[in-house]
Every structure is written in C-alpha cells, then in structure tokens.
1. Give the residue that is nearest to the other protein chains (Cβ to nearest Cβ), with candidates limited to residues of segment A:161-194 that are among the small types (G, A, S) and over 20 Å from the mean Cα position of the chain (by Cα).
2. Name the pairs whose Cβ atoms lie under 8 Å apart, with the first residue in segment B:253-273 and on the phi > 0 side of the Ramachandran plot, the second in a helix (DSSP H, G or I) and open to solvent by less than 10 Å² (accessible area, probe 1.4 Å), and 6 or more positions between them or separate chains?
3. Any chance segment B:108-120 includes a residue that's surrounded by fewer than 20 Cβ atoms within 10 Å (Cβ to Cβ) and among the small types (G, A, S)?
4. From the list A:T268, A:T276, exactly one residue is out of contact with any His (no Cβ under 9 Å at 6 or more places or on another chain) and within 12 Å of another protein chain (Cβ to nearest Cβ). Which is it?
5. Give segment B:121-150 a look and list any residue that's open to solvent by 30 Å² or more (accessible area, probe 1.4 Å), without any contact (Cβ under 8 Å) to a residue 40 or more places away in the chain and aliphatic (A, V, I, L, M), or say none.
6. Somewhere in segment B:73-85, is a residue under 19 Å from B:S220 (Cβ atoms), of a type in the set (G, A, S), touching a residue at least 24 places away in the same chain (Cβ under 8 Å) and surrounded by fewer than 21 Cβ atoms within 10 Å (Cβ to Cβ)?
7. With the checklist (1) under 23 Å from the mean Cα position of the chain (by Cα); (2) among the hydrophobic types (A, V, I, L, M, F, W, C); (3) facing chain A (nearest Cβ under 8 Å) in hand, flag the one item B:A300 doesn't pass.
Number of protein chains: 2
Amino acid sequence: MSDMQLAAWTHNVVRSSIQDMLVMTARPDIISFALGLPSPALFPTSDIAEALSTTLATQANALQYGPPTSSLKRQIVDLMRHRGVRCREEQIFLTTGAQQGMNLLARLLVNPGDPVLVEHMTYSGFQQAVAPCAPRLVAVPTDLETGMDVDAVERMLQEGLCPACCYTVPAGHNPCGVSMGMAQRAKLVALARKYQFPIIEDDVYGFLAYENTDLPPLRSLEEDWVLYMGSFSKILAPGLRVGWMVVPESLIPYLAITKEASDIDTATLAQRSVETYLAQGKLLPHIARLCDAYRERRDAMLAVLHNHMPADARWSVPTNGMFIWVELPAGYDTELVLKRAIDQEGIFFLPGKAFAVVESADARRCMRLNFSNCSLEQITEGIVRLGRVVVDSKSEEICSTRRI
Amino acid sequence: MSDMQLAAWTHNVVRSSIQDMLVMTARPDIISFALGLPSPALFPTSDIAEALSTTLATQANALQYGPPTSSLKRQIVDLMRHRGVRCREEQIFLTTGAQQGMNLLARLLVNPGDPVLVEHMTYSGFQQAVAPCAPRLVAVPTDLETGMDVDAVERMLQEGLCPACCYTVPAGHNPCGVSMGMAQRAKLVALARKYQFPIIEDDVYGFLAYENTDLPPLRSLEEDWVLYMGSFSKILAPGLRVGWMVVPESLIPYLAITKEASDIDTATLAQRSVETYLAQGKLLPHIARLCDAYRERRDAMLAVLHNHMPADARWSVPTNGMFIWVELPAGYDTELVLKRAIDQEGIFFLPGKAFAVVESADARRCMRLNFSNCSLEQITEGIVRLGRVVVDSKSEEICSTRRI
C-alpha cells in the first residue's frame with residue numbers, strides 16, 4: 001500500500017490540525033477557543049425538528065435526488081436584502097456550505113501557477129480549497145482596524161499582477177476579527193472592476209453583527225466581479241450543511257457541472273427543511289438572539305483579555321463574527337504557548353501559524369480566539385487561565401526571544 | 001462578466017444533461033427511464049423521520065460540526081460483512097455519497113495527463129469527477145455477460161500502461177447493467193496487485209441483488225489495491241447524502257484533508273440519523289423489500305422489451321442494480337430516437353452517447369433504461385410506447401443507416 005502513487009499536490013500537504021482539534025475539543029475537561037463553532041445551546045433544535053418532520057410529512061420527494069430548491073433560492077433572495085444585497089433567484093447557487101463554495105470557485109477560476117490574492121493571515125480552509133489547483137498565493141497584510149491592505153493590492157496590480165481571484169472576509173475577518181473599512185471596500189471593488197479579477201467575498205459572518213455600524217458587503221457595491229458566499233452554518237446549524245452563493249448568472253452552469261461532479265446535489269431534505277424554517281419567518285428573530293448572546297460573549301472575552309493579558313499585547317475588537325485575534329508582544333511563539341496551555345490549563349486556541357500563508361515572526365506571536373462556542377463562565381475562566389500561561393511564558397524558554 | 005477567465009479544463013466541458021433531465025422528468029406527463037433514481041414510494045419515510053427526531057432529541061451535538069461518527073463506521077463494518085467484505089472501522093471513510101468518493105479519489109490519485117483506465121461505456125459522473133484532474137482516459141470494452149474486458153486490460157498493461165487508477169462497477173454495471181464474471185474479478189485484482197494500480201470499485205448497486213448468484217466484491221478479494229465505494233443513496237435515501245469508502249488505512253489522512261477542503265464534513269445530523277436507523281436493525285429487511293420490488297420491475301421491463309423491441313435488438317439481464325442496457329441494431333441513433341420518444345410518446349431514457357468515453361457507432365445505437373423508479377404500470381406502458389418509437393424509426397430518417 002505504501003507504493004500507491006498519490007497526485008503531486010499531496011506531497012506538499014501538511015495535515016490540517018482542525019480535524020484533530022475537533023476530536024480533542026470533545027474532551028469535557030478542555031475549554032476550547034480553537035474552532036469557529038457556533039454555540040450548540042443556541043441551536044433552535046425543536047424548530048429544526050419541526051421543519052424536518054413537516055417537510056417529510058408534506059413533500060413526497062424530500063428524500064430523493066433533486067434539482068436545487070427554487071423556493072429556498074427565493075427565500076435567500078429575501079434574506080440577502082437584509083444584508084443590503086439585491087439579487088435575483090437566477091444568481092443564487094445552493095451549496096453544502098461556504099467551504100464547498102470556495103472549492104467550486106477554486107476549480108473554476110484557478111489554473112496551476114495562477115496567482116491568487118489573499119492576506120498574510122488567511123482562513124486555512126481557503127488555502128486547503130485552492131491547494132489542489134496549485135496556485136501561487138500572493139499575500140497582503142491585514143490591518144486590525146481597517147482590514148485587508150487594499151493599497152498594497154493596488155501596488156501589486158500596478159506592477160502587473162493578474163490574479164485569478166482575490167479571497168477575503170470583509171465582515172468579521174477569519175482569523176483577524178476585523179471588518180474592512182468603507183474606503184477599503186470601495187477601493188477593492190473599484191480595483192476588481194478596473195483590473196478585471198473576481199473577488200470571492202466570504203460573508204459567512206455577515207449576519208452576526210454586533211454594532212450598528214454594519215458596512216455593506218462588497219456584493220452590494222459590485223455585481224459582476226464579486227462572488228458572494230453565504231452559509232446557514234453560522235446562523236442556523238452547521239450540521240445541516242446548507243449554504244449559498246450569489247454570482248453572475250453566466251457562472252451558474254459551470255458551477256452546476258462542478259457541483260454535480262463533486263457530490264451530485266445538496267441534500268434535498270436539508271434544503272427543503274431550511275426552506276420550511278425560513279418560510280415560517282423564524283430565521284431573523286433567531287439571528288437577533290444569536291447576536292445578543294454572541295455580543296455578550298465577545299464583551300466578556302474583551303474584558304478578561306484587558307485584565308489578564310500583558311500590557312503590550314493587542315487584539316482586534318470585532319464588530320462581526322466569532323473571533324478575536326490577539327497579537328502578543330514580539331518574541332512570543334504561540335505554538336509553544338498552546339502546548340503549555342493545553343498541558344497546564346486545559347485551554348485550546350489556534351496559533352497564528354495555522355493561518356499564515358508564509359511563516360513569519362509576526363504570525364508566530366498571534367493567536368485566534370473564538371468567543372461564540374463557550375459559555376460566559378467558560379470564557380472568563382478560560383481567558384484567566386490562558387492569561388496565566390501567557391504571562392508565565394514571558395520570562396521562560398517558551399518565549400522565543402530567549403531561544404533565538 | 002463574459003471577461004471572467006475560467007480554468008483551462010472548463011473549456012472542454014460539455015454541460016451534462018443530467019441536471020436538465022432532473023427538471024424535465026418532474027413533468028407529470030413524462031415516463032422517465034432516464035436517471036438512476038430509487039423509487040420514492042419505497043423510501044422508509046416514517047422510519048427516517050423517527051430516526052431524525054430521536055437523534056435530535058437525544059444527541060446534543062447532532063446539529064454541530066463534528067468528526068466522522070464512529071458508531072456509524074462500526075455499523076458499516078457490520079453491513080460490509082453482508083457483502084462478504086471484512087474490514088475495520090479504521091478503514092471506513094464517510095462521504096456524502098459515492099460521487100464525493102470518486103471526486104476525492106480522483107484528486108488524490110490523478111495528475112494531469114495520467115492514464116485512467118475505464119470502459120468504453122463509463123458512468124458519466126466518474127468522467128465528470130476526474131475531468132478537473134485532466135486525465136487521459138484509456139478504455140476497454142464491456143461484455144454484456146461478463147463485464148469489463150479484463151484481457152484487454154492485461155494487454156495494455158503488458159504494453160506498458162501505468163494507470164493512475166482503474167474505475168469499474170462490478171455489480172450492476174452503470175450503464176451496462178451487467179455484473180462482472182468471477183474469472184474477470186479474480187484476474188482484475190491479480191493485475192492490480194501485479195502492476196500496482198488501485199481499482200476504484202463502485203459498489204453502490206451491490207446490495208440490490210436479484211439472484212442467488214451474487215459474486216464477491218473486488219474488495220473481498222484484495223484489500224490493498226481496491227478502493228471500495230458504498231452509498232446509502234440507493235438502499236436508503238439519496239436525499240440524506242451519506243455514503244462511505246473502505247480503503248487502506250494509510251489513505252485515510254489524505255482523504256480527510258481532501259474532504260475537509262471540499263465541504264468540511266458530512267452533515268452530522270444525517271450521519272447520526274442513518275446510524276440511529278441502522279442500530280435499530282431496519283436496513284437489511286428494508287433492502288430485502290427493495291430487492292423484491294425492483295426484481296419485479298426488472299422482470300416486467302425484460303418481458304415488455306422482449307415483446308416490443310426489434311428482434312435483432314439485444315440487452316443485458318441485470319442481476320444487480322437499476323439498469324438495462326439496450327443495443328439496437330446497427331444504424332440506429334438513440335439521440336434521435338430519444339428526441340422522437342420525448343416529443344411523440346413522452347418517454348425519457350439516456351442515450352449511449354451520454355456514457356461513451358469516445359464517440360462511436362456502437363455507443364450511438366445504445367440506450368440505458370432505469371427500472372427502479374417507475375411503477376409496474378409505467379414500465380409496461382412506457383416500454384410499449386418506446387418500442388413503438390424504435391420500430392417506427394427503423395424505416396425512417398431517424399435511423400442513421402439512411403443518413404450516412
């Protein structure tokens with residue numbers, strides 16, 4: 001078996017730690033800030049159970065293969081209006097979630113060797129999705145207050161870069177927890193228009209908005225060059241696997257072929273049941289409840305960070321999403337901090353390195369903290385413990401200034 | 001938008017007719033033998049509804065992201081024993097269905113330009129799954145009584161062919177409706193061992209067995225070089241999207257990475273609910289009921305074909321699966337027959353061309369008929385009408401002997 005030849009791209013693959021993390025975080029003694037998990041306590045389980053049983057009782061073909069559910073697409077058109085996006089049913093493409101959206105778009109847009117524009121810190125799932133297409137990742141920095149460095153993008157384009165696509169998370173950036181400023185949004189779509197490259201807008205955290213300062217998605221500013229990805233995973237339940245894209249209609253037939261080759265179709269039962277739930281008008285009130293709960297968790301985490309992290313650490317203050325990005329002072333190595341945090345305090349987080357397109361000292365001193373999955377008590381207790389590890393590490397060998 | 005550059009492989013893509021067919025076949029006036037759909041009347045809907053509600057009521061994380069469900073893997077190990085396959089939980093990989101299995105394996109095994117061994121008539125979904133990997137398809141004939149021409153495979157290997165993989169459907173071949181003979185099975189796995197290439201065994205029709213002559217899957221003859229794909233789509237319900245693979249344990253980490261990049265995970269709720277259903281011991285009795293019903297439909301279709309097709313037409317007599325493959329006499333063009341069948345008689349089927357790796361006169365005179373989806377009445381009525389179109393076509397311009 002060791003003689004089975006695998007495709008060339010697999011030789012560069014490093015096993016993602018995320019699946020392992022999922023297993024580890026199931027341990028009851030662990031407080032995990034590692035993954036982008038919604039709070040299971042907030043799942044509208046009985047409403048979903050009702051939607052499933054209603055759907056099965058009333059729709060004869062709910063267990064069959066089937067074409068994408070038109071009535072769900074129409075519900076999504078309505079939902080998008082609440083994000084300030086005007087679109088038509090014909091521009092909606094249903095997926096099993098945003099990860100599949102990325103995967104399909106990568107296949108459609110990227111030839112081997114093509115430059116793909118990302119940020120120094122980029123959602124690892126996007127990096128995985130494009131890897132089999134063998135792209136050349138070209139990265140710009142992310143500012144913790146205004147998001148993607150769009151001026152750096154412009155310089156690269158002026159110097160002749162022709163990206164196959166550009167990926168970003170403008171609302172509640174994963175991993176950096178920042179939302180892109182209005183000027184940056186306007187400039188990025190203007191650049192896409194001028195230099196004719198598609199932007200993959202990952203908006204899975206768009207509806208999780210904690211301030212009244214919510215800025216318009218890129219798709220609301222530009223229809224032809226923005227490929228928008230949404231998901232019910234963060235706002236309803238990931239265990240259903242239903243998401244969507246809003247794309248130019250001309251792309252739909254290509255997406256349909258690529259999707260069919262990937263998994264034939266999205267589970268009919270899940271599509272129809274989400275539609276049943278949406279048609280009952282239950283999603284927007286549910287999102288409002290989620291936002292209240294997650295805002296409270298975010299604020300709790302920010303307060304404990306303030307009291308328990310070193311004075312020269314800094315972090316993002318997210319208006320959207322599930323993550324706070326913490327930059328420890330120069331010299332820290334968060335992989336070593338993580339090891340100690342697990343061993344000594346039973347605390348999990350993801351080190352910056354997990355998202356770094358290129359390894360760097362900047363990435364090495366960062367960590368991503370999820371605030372949606374844990375209870376308020378776990379957040380307080382967990383950040384106090386994590387702060388202890390961080391402060392203790394400063395004067396010891398775990399802080400890599402000593403090691404270099 | 002028309003300026004958006006798509007990846008090179010898309011330039012060779014021809015839109016599959018399957019999604020269009022799914023839409024068309026929803027018309028109530030159509031009798032469709034086109035798609036590999038199970039019978040919706042036979043779905044165990046209330047048992048599935050019960051499994052879903054039990055799962056939601058008893059498992060707190062059923063709506064969350066999650067690692068593959070171990071208890072489902074163990075159920076599958078038991079199930080595989082009923083196919084004569086001995087395997088371990090660590091060799092089971094859960095998928096959203098066999099189509100995803102093919103997709104993941106294609107990505108892992110195929111480099112651009114690699115030869116991939118298939119049959120002249122090969123399931124179109126496999127052709128779609130490998131297309132983005134830009135393989136060179138190398139095809140051998142399929143005998144309607146013994147399946148894949150394994151002697152032709154041997155000759156190619158002797159001449160130096162080193163396939164990245166070999167794809168076949170040994171039980172209830174799609175589209176040809178034949179099951180591979182025992183001698184062919186033994187020889188194919190011996191060749192895989194000798195020449196060290198993996199066989200992708202698509203066994204989604206393995207449990208749909210209508211005779212006592214059922215032959216062992218390739219995986220039961222060879223553990224290291226056979227990558228087995230199973231699915232609950234044909235034996236339970238496709239609308240759940242749950243399937244599995246049995247592969248050497250060393251391949252699992254690579255599959256996990258590729259799967260995670262594709263869609264993060266298979267719907268937790270669907271996995272857990274299938275597990276709940278299996279744990280209740282309901283699947284095997286359900287499969288027995290399916291086999292009884294489908295055997296009856298197969299026999300009905302064979303009887304009407306016998307009475308209503310031209311005397312010099314021939315067809316496979318399937319021991320497994322969902323399809324009968326009909327070869328019309330030389331000169332027929334089944335694309336033209338299909339057009340007339342739809343227009344004049346409201347009958348759908350898939351023409352041989354839809355499966356042909358290389359276009360040929362042999363492919364052009366064939367058609368695939370599904371017998372699982374229609375009722376006995378529809379089968380009788382539909383084949384009588386189809387026979388009328390075929391016989392009428394013989395003396396007219398639709399029969400391409402006249403046109404050439």
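1. Our first condition is that a residue be among the small types (G, A, S); within segment A:161-194, this holds for A:164, A:171-172, A:177, A:179, A:181, A:183, A:186, A:190, A:192.
This time we only want the ones that are over 20 Å from the mean Cα position of the chain (by Cα), so: A:164, A:183, A:186, A:190, A:192.
Working: A:A164: 7, A:A183: 26, A:A186: 20, A:A190: 16, A:A192: 11 Å.
Applying the filter and picking the extreme gives A:A164.
2. What qualifies is B:I264/A:Q99; B:I264/A:G125; B:I264/A:P238.
3. Yes, that holds for at least one residue.
4. Answer to the selection: A:T268.
5. None; the set is empty.
6. Yes - at least one qualifying residue is present in segment B:73-85.
7. Condition not satisfied by B:A300: (3).
So that you can scan it fast, the table gives a plain yes or no per residue for (1) touching a Lys or Arg at 6+ places or on another chain (Cβ under 6 Å); (2) modelled with pLDDT under 95:
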position: A:S39; (1), (2): no, no
position: A:D47; (1), (2): yes, no
position: A:Q64; (1), (2): no, no
position: A:E90; (1), (2): no, no
position: A:T96; (1), (2): yes, no
position: A:M102; (1), (2): no, no
position: A:P112; (1), (2): no, yes
position: A:T122; (1), (2): no, no
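The values are calculated or read from the model by the stated rules, or taken from the named source; none is laboratory data. Model, not experiment: these values are computed from the prediction. No Cβ is skipped: glycine too gets one built from the backbone with ideal geometry, and neighbour counts run over all protein chains shown. Please note that ligands, DNA and RNA were not included when accessible areas were found on the heavy atoms of the full protein model with its side chains. Shrake-Rupley method; radii C 1.70, N 1.55, O 1.52, S 1.80 Å.
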